[in-house]
Each structure stands twice: as structure tokens, then as C-alpha cells.
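Below is one structure, written out as C-alpha cells, with a few remarks after it.
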Amino acid sequence: MLKVAVGRSRKKDIAEAVEEATRSCLLQLPAQEVSLALVFSTPSSITAALLKKIKSGLRPDCPLIGCSGMRIITPEGTQGEGLVLMLIALPKVKISCGSIKLSPDDDAYLAGQGLGIKLISNVKEYRRELCLMFSDGLSEAVSRLMEGLQNILGKSFPFIGGGASDDLRFKQTFQFYNEHILNKSAVAALFAGKLAYGIGIRHGWKPLGKIRAITDSSSNVIKKIDGGKASGLYEDYFAKTLAELKKEILPINTLYPIGIYLEGEKEYLLRNVIALNDDGSIVTQGGVPRGSAIRLMIGTKESCLEAARQAAAQVKAALRDKPIGLAIIISSASRAYLLGRNIDAEIKAVKTVLGPNVPLAGFYSYGQYAPLGALSYYGQTYLHNQTIAILGMGE
């Protein structure tokens, strides 16, 4: 039987914060029953002793993973400072955890394969069900990492996760593995055995204008669209020069991403625009293959909140209305920017569907990982931008 405990803290003293969150959890769930600990923390709450203090209250062999987030998600809403701890007891499920370094000099595809091999090694005799992964949200090699992991686990094997974020300085993010605070790394948990779960994934952005084609690109740099310079997509729509647009990159990034059409999928795959280069090329967060059909997209606060409700409804439908024991929410930092002071409305929207008392935890990320065909799980897992991804587990 699934058991869950969630504790949080806003205290600035890290020892006091850990004690508050851990004490709250252990009053709900004895340490000897915990199968996995998840920790999400804002950068200001991360110290060398953070994870060691949390681990000291758990069994020595209890695995712990997590990461940093520009905001964290708790049952009470979101926090710009502090940490949230979720303890999960799954007595009928085997959980294998691992970490891998993402070196700029190495092929991230091989790193993904290495992580997959580590995860499988401990659960070879069990039926593998789901993978949960957190990685460096500033890495440009996440797509390759995911491809390598899927090469080992299976191209359509369901996994969900997100890119660790910082306080929007885009300098350094952190990943958590047992008592170790890592950077430029990926951490993951592989669940095997009998597990009831559902995945929801939605963004709410709508297409604008005509379909266009990527005629020249390299990795995450779009060089040509319909044979012309890529920045023309935005110059034409806004009737502004490239120099003017470069000064407005944050609102463009948030409100007007690029949507990639994928045949057979219901939603466009979003790509944030993180830079407009002087040569007219566009740098995106995540790869855009040459030949892709794309459209300019637009989002609003209302469509953002409706997407959160739809993602939660997907989780509920996938679990076939079984009681939902927990929800892990990985939303986009861009959605936090768009919603502004109304950011807690996104969590309230999820709870209106999943239930007001569902234990939940999560963070606002730089990139979300989930299959687009979330209801059937037959879709390949992609790197998403400006999306909310929800993992629910049933009792």
C-alpha cells in the first residue's frame, strides 16, 4: 500500500528548515517504511550539510534524489525560499536510483546509456514501470541524454522529470543524490514491480499564423525558416527590427515560443527562444530538427491555468479514478513568470481536479520531460518548454 508524507519549511537557518520538514514527515510516516525520499529546494536553502541532515533521519539505505528549483511546490502552494521533502513508501515496488556526470567533453548520449545501465542493474528480475529523472536545466545536451537513456530503457518507455533551475540567473543548478549535492549531472529513480501511476502533460499555448518550415538548423540553433533568416519570424509578426527584439527577449521567451508540429500528437512541442543572434539565427532551449513544421505560439494566464487542469485530468483518467496517493508537479519557470503574483493559482487548479488533500511536491524547472501521448504512454518522451508535467501515483 502506498504511503506518503510531505514536509516543508521556509526557515532561513538550514538546520532548522531540515528539522521542521523532516519532523513533519516522520510524524506521518515512520523512517523504516520509507522507500524513496524526494527533495526540492530553492538555491538559497542549499548548503553542504543539507542532504546529510535529511539522510540522518532516514534509514542508511533509503535512496534520495531531487534538485534545485527557482520556486518549490508544496501542498499549501509555492515558495520562493525553502525546501520541500516528500517521503514515499512503496512496499511492493523495487526502486533503483543512480546519477551520472554531464561533462561538456563527453557525449551526453553515452552518459544517458550509462545512467540507464546503472538503473537496470538493480532491478533485472522485475518488470520495469517508470523512470523519474532530474538533470541540469542549463545543459544543452539534455535531448541527447534522454535519447541515450531511452536506448537502454526503451524508446517508448515512460519517464518524467525536469531540468533543475536556479533563481533565474542561469548560472548554476544543483542535483541531489543521496547525501551528495551535484551540478552538471543527472539523477534518476527507476520504479519496477506493481505500480499504479498516471502522467499528465499540457502547456496551453495556441498557434498563430501559418505553418512554416525549418530549412536550416543545427542542434538548438535555427538558422533559416522558409529559406530566410530565422529571426524574420518575429520581425514580421511584431514589425520590429532585430535590435529592438533582442531587448525584449524575456517576454518573447514567455509569451511567444516556437511550436513544433509532431504528427500524431495533440499538442505542439514548445521551444523557448533564449537568444536572437546578430546573424538572424534563433537559439532555443532544446533541439529543433531541420525540416520541422513550426508555428509561432501565444499563451495567456487563462490558457495556462486551463492547461494545468487538463494535465491533472489526464492523471486522473490514466489512474481510472483510483484514489490518488501523491502528485509530483514539474512546471516551467516561464509559467511562473507569466502568472506572476497569481502563481499559486496553478497549484490550486491542479488540486481542484486531483483533490484538495492530495500530497504533492515539485518545483519550477528549466525544461520538462514527459511523453506527449501521455494517456496511452506510446509516445516518445520529449524535452518540453513552458509546460506543466504531473506524475500521479495511485493507492
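The values are calculated or read from the model by the stated rules, or taken from the named source; none is laboratory data. Treat the numbers as computed from the prediction; the structure is a model and nothing was measured. When we count neighbours, we look across all protein chains shown, and the Cβ atoms used for this are built from the backbone with ideal geometry, even at glycine.
See the values below:
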| quantity | calculated |
| --- | --- |
| Test set (1) under 30 Å from GLY299 (Cα atoms); (2) at pLDDT 95 or above; (3) among the polar types (S, T, N, Q) - ASN183 fails condition number | (1) |
| Any hit, the range 300-310, residues being touching a residue at least 60 places away in the same chain (Cβ under 8 Å), in contact with a strand residue (DSSP E or B) (Cβ under 6 Å, 6 or more places away or on another chain) and surrounded by fewer than 16 Cβ atoms within 10 Å (Cβ to Cβ) | no |
| Residue match in the range 11-34 (condition: within 23 Å of LYS194 (Cα to Cα) and of a type in the set (S, T, N, Q)) | yes |
| Residue within the range 139-151 that is among the small types (Gly, Ala, Ser), touching a strand residue (DSSP E or B) at 6+ places or on another chain (Cβ under 7 Å), touching a residue at least 12 places away in the same chain (Cβ under 8 Å) and buried (at least 22 other Cβ atoms within 10 Å of the Cβ) present | no |
| Failed criterion for PHE176 (all others in (1) under 28 Å from ILE95 (Cα atoms); (2) assigned to a loop (DSSP other than H, G, I, E, B) hold) | (2) |
| Residues of the range 334-364 classified as crowded, with 22+ Cβ neighbours inside 10 Å, of a type in the set (Ser, Thr, Tyr) and more than 15 Å from ARG202 (Cβ to Cβ), total | 1 |
| Hits in the range 226-271 (condition: within 28 Å of the chain's Cα centre (by Cα) and assigned to a strand (DSSP E or B)) | ILE258, GLY259, ILE260, LEU269, LEU270, ARG271 |
| So LYS171, is it part of a helix (DSSP H, G or I), outside the structural domain of PRO257 (by TED's automatic domain parsing) and not aliphatic (A, V, I, L, M) | no |
| Subset of the range 230-254 that is under 17 Å from ILE294 (Cα atoms) and out of contact with any helix residue (DSSP H, G or I) (no Cβ under 7 Å at 6 or more places or on another chain) - its residue that is surrounded by the fewest Cβ atoms within 10 Å (Cβ to Cβ) | ASP236 |
| Subset tally (residues that are assigned to a helix (DSSP H, G or I) and in contact with a Lys or Arg (Cβ under 8 Å, 6 or more places away or on another chain)) for the range 313-332 | 1 |
| When residues of the range 12-42 are limited to those that are surrounded by fewer than 17 Cβ atoms within 10 Å (Cβ to Cβ) and either outside the structural domain of LEU87 (by TED's automatic domain parsing) or of a type in the set (D, E, K, R) (or both), the one nearest to ALA189 (Cα to Cα) | GLU33 |
| Long-range neighbours under 7 Å by Cβ, at least six apart or interchain, first residue within 11 Å of ARG295 (Cβ to Cβ) within the range 197-221, second acidic (Asp, Glu) | ARG212/ASP226; ALA213/ASP226 |
| Subset tally (residues that are out of contact with any His (no Cβ under 8 Å at 6 or more places or on another chain) and either among the charged types (D, E, K, R) or buried (at least 21 other Cβ atoms within 10 Å of the Cβ) (or both)) for the range 198-213 | 9 |
| Among (1) closer than 24 Å to ALA141 by Cβ; (2) under 28 Å from the mean Cα position of the chain (by Cα), the one test that ALA213 misses | (1) |
| Qualifying positions in the range 333-356 - outside any helix (DSSP H, G or I) and either among the aromatic types (Phe, Trp, Tyr) or in contact with a Gly (Cβ under 9 Å, 6 or more places away or on another chain) (or both) | ILE343 |
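Residue-wise test of (1) assigned to a loop (DSSP other than H, G, I, E, B); (2) in the same structural domain as VAL315 (by TED's automatic domain parsing).
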residue: MET133; (1), (2): no, yes
residue: ASN151; (1), (2): no, yes
residue: PHE157; (1), (2): yes, yes
residue: ALA186; (1), (2): no, yes
residue: ILE214; (1), (2): no, no
residue: LYS223; (1), (2): no, no
